[in-house]
Amino acid sequence: MNELYALIKSLSVPERMLAFVILAPLAGGLLSGIDRKLSARLQGRYGPPVLQPFYDVMKLLRKERIIVNKFQDFPIVLFLLFTIFSGALFFAGADLLLTIFGLALAGTFFVLGGFCVSSPYSHLGAEREIIQTVAYEPMVILMAVGMYQVTGSFRVGTIAHHHAPLILYLPGVFAGFLYILTIKFRKSPFDLSMSHHAHQEIVRGITTEFSGPALALIEITHWYEVMLLLGMVYLFFAFNPWLAVVMALATYLFEIFIDMNYARFKWQLTFMSAWLFTAVAGVSNIIVLSLMR
Amino acid sequence: MNALIFLIVFPLAVSFLALVPPLSLAVRKGVGVCVNIVLCAVPIYLLVANLDQGPAYFHLESTIIDIGMLIVELFIAGYLIYISFTSKRYLTALLVIVQSVIMVSFEFTSGHGMQIEHSLFVDKFSIIMALIVGIIGSAICLYAIGYLPEYHEHYREVKDRRRYFAFLMYLFLAAMFGIVFSNNLMWLYFFWEITTVCSFLLIGYRDDEPSRESAFRALNMNLVGGVVFAIGLVNLYSSSGIMELDKLLQTDKGMVLLPAVCLAFAGLVKSAQFPFSSWLTGAMVAPTPVSALLHSSTMVKAGVYLILRVAPVMENTAAAKMLTLIGGVSFLVTALIAISQSNAKKVLAYSTISNLGLIVACAGVNTAAAVWSAILLIIFHAVAKSLLFLCVGIVEYKLDSRDIEDMDYLIMRLPKLTAVMMTGMAGMFLAPFGMIISKFITLRAFVESNPAMAIILAYGSAATIFFWTKWMGKIMSIRHGVAEVVEHRVSRWEWITLGILAVATVVVCLAFPFFSFHVINPYLLEVFGKTPVVDAFNVMMVFIIMVGLLIILPLGLLFYAFVDKNYKRVGIYLGGGNIDNITFEGAMASTQPIALKNYYLEKYFGEERLFNVGVFVSLTLMIIMFGVAVI
């Protein structure tokens, strides 16, 4: 049962970081392929091959660079770099808060990329992306706070080795995290700033003016992000590594299921419901924990 | 000791020199530069000289000084009463009279027997404050030299009183040095009142109805703080016979709780926490250097300075919990209100109150880690916020607007200024610069002691990201084509100041380990007997990100500007109806321009909706704070 631990522990910090940098996009792309296949089947379509996301990215990378201003690709590169950096920190077992702030920094660059092209569609996407960020950010921070309350540490390494199951202490926090995970995965009903489904929109929000290689980078960044977030789900069940992996995958499937069953919310509903759900599930959980201690 | 007295007396002398009429502009500029250099150099000398030493206390034969201060106080009181009667503000007059009666009767009943052992003192925290006041404060005064001629060109109806303006600015600095070096609480009180009067006169500089209104509001609120300060001093002396800051901190805590709460109250007013926030948001009617001075290095920082000083007395009491919550409420509510504001100066004002709220909350928590991050917040906020105010001041004249919605394509119209402005913004909210490092530590400090504050911080940081990101996005949007560059009209004086502050913003970020280990930690060791444990790995990571960004950003921009040629440039997508880059073909073959506006979510975060909530909640907390202190 602990082979997974033994494997991870045998690696040094730089090796773990490197493993994340190489393996995360492969796993993320594969999950994305499964997502598309499964979604298609749920909708009664045949669906693309599982490896389709890789083919797409390969093709995008070979395309001509078409841009509207000279600097627009720079924020996207920074978005990718900082997402990778936060993910690498996380999987190296470093500080959870540092990871969260790094991820927020990466997200900010993405939004700035959307703003800097000054196109109406992209601008609207960027505004909505900020609203989404504001909607999920409190819950992400509270997750770290909750984990600290249980384990007494912000270090991912320590949290992952905690003997007791975190999920038993943090059911509310986990529920709140699941809720905002839908926003982070860009799934319906919260896919306001850009959607993953080609059939929903031709002009794709924040990425309207990004094409070819830049779009490929955005896609790859998303794979990294998905793996990082699933890593956070893993922490809730880390007392049993195999169970944790299964639960992380189950969470992903659950999000696909949610995606299939909901139409898009308005931003008002997205924002208010996310903050309220955070308050009801996350905050109450944290308060109970602090009273228990 | 001489350096301390010099730092108080020198700006005072300069302020009177500024009143001398026949100096030409060139001479004034020359003097301004020299003063600036001296005011930067002396605090740095203090820092170097005291780097390995603990706090030092100085005795000063003070009978004459005390009498002199009393006379000045009475003179100011008389002046304020005169002004308030001529402008029919009787509440102000009443407050001044109450305050004067308290202080004069106190002076006559117990002034003679009062033994002051140490009048002045210096420790690491005072030095940090002196550095902020010296470097940033004097840089702002320098900026004012270039700014005021333009101001009067712009507002011809305002009476040109620039000598009087310079007098007040330097007087303000002198009073600030006085506050941070005074150990004698009577002196602290004296300098405290000087800053109140200076801010009143500076806010009312325009001398029209709105600015008079704001000035009197600021005066009234700060006078309330002053009255409570005076009551606190009287109570302190009558209950324990103490009139010195260091003795106050060493006394039995139960005995001096009420005076400490009174002093903290005065600090809350000065740092514009709820329910006293409206004076700071009203203060933006003043010329920009005044706002920059009030927000960064003086006034509000005096407030949090005093709160941090007296916080150890309140440790582990219900009063401290209330203080924490007042700070928390101010932090959260003003961050939310800032989302709904499109007036650039107002966004900055609310962001100031918000950050100060965090500092006050840290003071209330009062653990080594919390105070550590409070001091870092003071430093980072001072540099970044002064920089932003000065930038907005310039933008206001170049665009004839201080509305964020008018700052489209600012990076094309004022490229260098926008770069400076973005440095300031990055310092305010972008990880890993400045504020974020402190928030990181603050969150840790809160989680240990007060989970409710961690929750407030989680929501508040999200709001902070919102209003900064959309503003930053606005000014960095680029359109294809040309925009009129208006930057050449920015004066050299303004550039010099901006340069100093922009460099300072980057330097304090890079030098924060130095400040932490050599300046803040020794201070914490004196007060708490321990220092917060900071994970070395985290510090290293933060450093890598910071240095990485500082290298990547300029290199990347250069690459995309000059090296990268491999692309095809097209117009933006306008639903296929493009006419050119900013217009498209609408219905009936009409030509429609595009306009990009930000979200302000007025319905959720409107000022009138949230402001009163903040006032009432914090008023309740404040009453509880006094209640538990009296019992």
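Does the stretch A:3-292 come out rounded, prolate or oblate by the C-alpha gyration tensor, with a ≥ b ≥ c the root eigenvalues, rounded set by a/c under 1.5 and, if not, prolate when a/b is larger than b/c and oblate if not? Prolate shape, in that a/c is at least 1.5 and a/b is the bigger ratio.
Which entries in B:Lys301/B:Lys398; B:Lys253/B:Lys301; B:Lys398/B:Lys470; A:Lys184/A:Lys266 show an alpha-carbon gap greater than 18 Å? Write out the running numbers ahead of the final one.
Details: B:Lys301/B:Lys398 30 Å; B:Lys253/B:Lys301 25 Å; B:Lys398/B:Lys470 21 Å; A:Lys184/A:Lys266 16 Å.
Check vs 18 Å cut-off fails for B:Lys301/B:Lys398; B:Lys253/B:Lys301; B:Lys398/B:Lys470.
Using θ = phi - 60° in the Karplus curve 6.51 cos²θ - 1.76 cosθ + 1.60, the 3J(HN,Hα) couplings for the stretch B:172-180 round to 4, 4, 4, 5, 5, 4, x, 4, 6 Hz; x is entered for Gly and Pro.
How high is the relative contact order of the stretch A:3-292, in percent, with contacts defined as C-alpha pairs under 8 Å that are six or more residues apart? Mind dumping the intermediate values first?
On the way: 411 pairs, mean separation 74.7, N = 290.
So the answer I get is 26 percent.
Each of B:Val563 and B:Phe58 was given a label point 7 Å from its Cα along the Cα-to-Cβ line. The distance between the two points is 5.4 nm.
Hey, what angle do you get for helix A:13-42 against the long axis of chain A, alpha-carbon based, 0 to 90 degrees rounded to 10? Once rounded, one gets 70 degrees. Restricting the stretch B:561-631 to chymotrypsin sites (Phe, Trp or Tyr not before Pro) that sit in a DSSP loop and have at most 12 other Cβ atoms within 10 Å of their own Cβ leaves nothing. Amide H to amide H distances under 5 Å link B:Ala483 with no residue, where only residues 5 or more positions off or on other chains count and H is placed in the peptide plane. For B:Lys247, the lysines whose Cα comes closer than 20 Å to its Cα, not counting residues fewer than 8 places off in the same chain, are B:Lys124.
Along chain B, counting only GluC sites (Glu not before Pro) with a DSSP assignment other than H, G, I, E or B and at most 10 other Cβ atoms inside a 10 Å radius, the longest segment between sites is B:158-483.
Rounded if a/c is under 1.5, else prolate if a/b beats b/c, else oblate: with a ≥ b ≥ c from the C-alpha gyration tensor eigenvalues square-rooted, which is the stretch B:495-553? Could you put the intermediate results ahead of the total?
Values: a/c = 5.21, a/b = 1.49, b/c = 3.51.
Since a/c reaches 1.5 but b/c is at least a/b, the shape of the stretch B:495-553 is classed as oblate.
In this simple spin-label model, placing a label point 7 Å from the Cα along the Cα-to-Cβ direction at both B:Val482 and A:Leu291 gives a separation of 6.9 nm.
Relative to the Cα centre, the charge distribution of chain A, modelled as +1 at Lys and Arg Cβ and -1 at Asp and Glu Cβ, gives a dipole magnitude of about 300 debye.
Within chain B, what's the longest run with no trypsin sites (Lys or Arg not before Pro) in a DSSP loop and at most 16 other beta-carbon atoms within 10 Å? Give the range, please. Within chain B, the longest run free of exposed trypsin sites (Lys or Arg not before Pro) spans B:254-529. Amide H contacts of B:Phe584: B:Ile579, B:Gln592, B:Ile594, each under 5 Å away and 5 or more positions distant or on a separate chain (H built 1.01 Å from N in the peptide plane; Pro and chain starts excluded). If the segment from B:Ala536 to B:Phe626 were pulled out straight at 0.36 nm per residue, it would be longer than the present Cα-Cα gap by 28.3 nm. Think of each Lys and Arg Cβ as +1 and each Asp and Glu Cβ as -1; about the Cα centre, that makes the dipole of the stretch A:171-276 roughly 200 debye. The calculated FRET efficiency for A:Ala175 paired with B:Ile44, based on their beta-carbon distance and R0 = 56 Å, is about 0.55. In this structure, B:Arg492 and B:Phe6 have a Cβ-Cβ separation that, at R0 = 35 Å, corresponds to a calculated FRET efficiency of about 0.75.
Going through the stretch B:292-356, which chymotrypsin sites (Phe, Trp or Tyr not before Pro) have at most 10 other Cβ atoms within 10 Å and a DSSP loop state? Working shown, then result.
Values: sites: B:Tyr305, B:Phe331, B:Tyr350; in loops: none.
Counting only loop positions with at most 10 other Cβ atoms within 10 Å, none of the chymotrypsin sites (Phe, Trp or Tyr not before Pro) in the stretch B:292-356 qualifies.
Relative to the longest principal axis of the Cα atoms of chain B, helix B:90-110 runs at roughly 40 degrees.
Based on the Cβ-Cβ distance of B:Glu213 and B:Val20, what FRET efficiency does E = 1/(1 + (r/R0)^6) give at R0 = 41 Å, to the nearest 0.05? Display every interim value, and only then the final one.
Working: r = 32 Å, r/R0 = 0.79.
Using R0 = 41 Å, I get an efficiency of 0.80.
Straight Cα distances below 20 angstrom link B:Lys603 to the aspartates and glutamates A:Glu127, A:Glu129, B:Asp403, B:Glu405, with same-chain residues fewer than 8 positions distant left out.
Shape of the stretch A:17-129 from the C-alpha gyration tensor: oblate (a/c of 1.5 or more and a/b not above b/c, with a ≥ b ≥ c the square roots of its eigenvalues).
Between B:Gln115 and B:Asn578, full extension at 0.36 nm per residue minus the direct alpha carbon distance yields a gain of 158.6 nm. For the stretch A:1-92, which chymotrypsin sites (Phe, Trp or Tyr not before Pro) are in a loop by DSSP, counting at most 14 other Cβ atoms within 10 Å? Passing both the DSSP loop test and the Cβ count: A:Tyr46. Hey, quick one: spin label on A:Lys266, modelled 7 Å out along Cα-Cβ, who in the stretch B:568-612 has an amide N within reach, i.e. under 19 Å? Flagged as within label range: B:598-606.
Give me the distance in nm between label points sitting 7 Å out from Cα along the Cα-to-Cβ direction at B:Val613 and A:Leu26, one decimal. Placing both labels 7 Å beyond Cα along the Cβ direction yields 5.0 nm. Reported to the nearest whole Å, the Cα centre-to-centre distance from the stretch B:317-374 to the stretch B:406-471 is 13.
Longer than 30 Å from Cα to Cα, which of B:Lys416/B:Lys597; B:Lys159/B:Lys270; A:Lys187/B:Lys565; B:Lys416/B:Lys565 are they? Say none if no pair is. Mind dumping the intermediate values first?
Values: B:Lys416/B:Lys597 24 Å; B:Lys159/B:Lys270 28 Å; A:Lys187/B:Lys565 36 Å; B:Lys416/B:Lys565 24 Å.
Flagged as over cut-off: A:Lys187/B:Lys565.
Read-outs: derived from the displayed coordinates by stated rules, not from any lab. In this text, all values refer to a predicted model and were calculated from it rather than measured experimentally. No Cβ is skipped: glycine too gets one built from the backbone with ideal geometry, and neighbour counts run over all protein chains shown.
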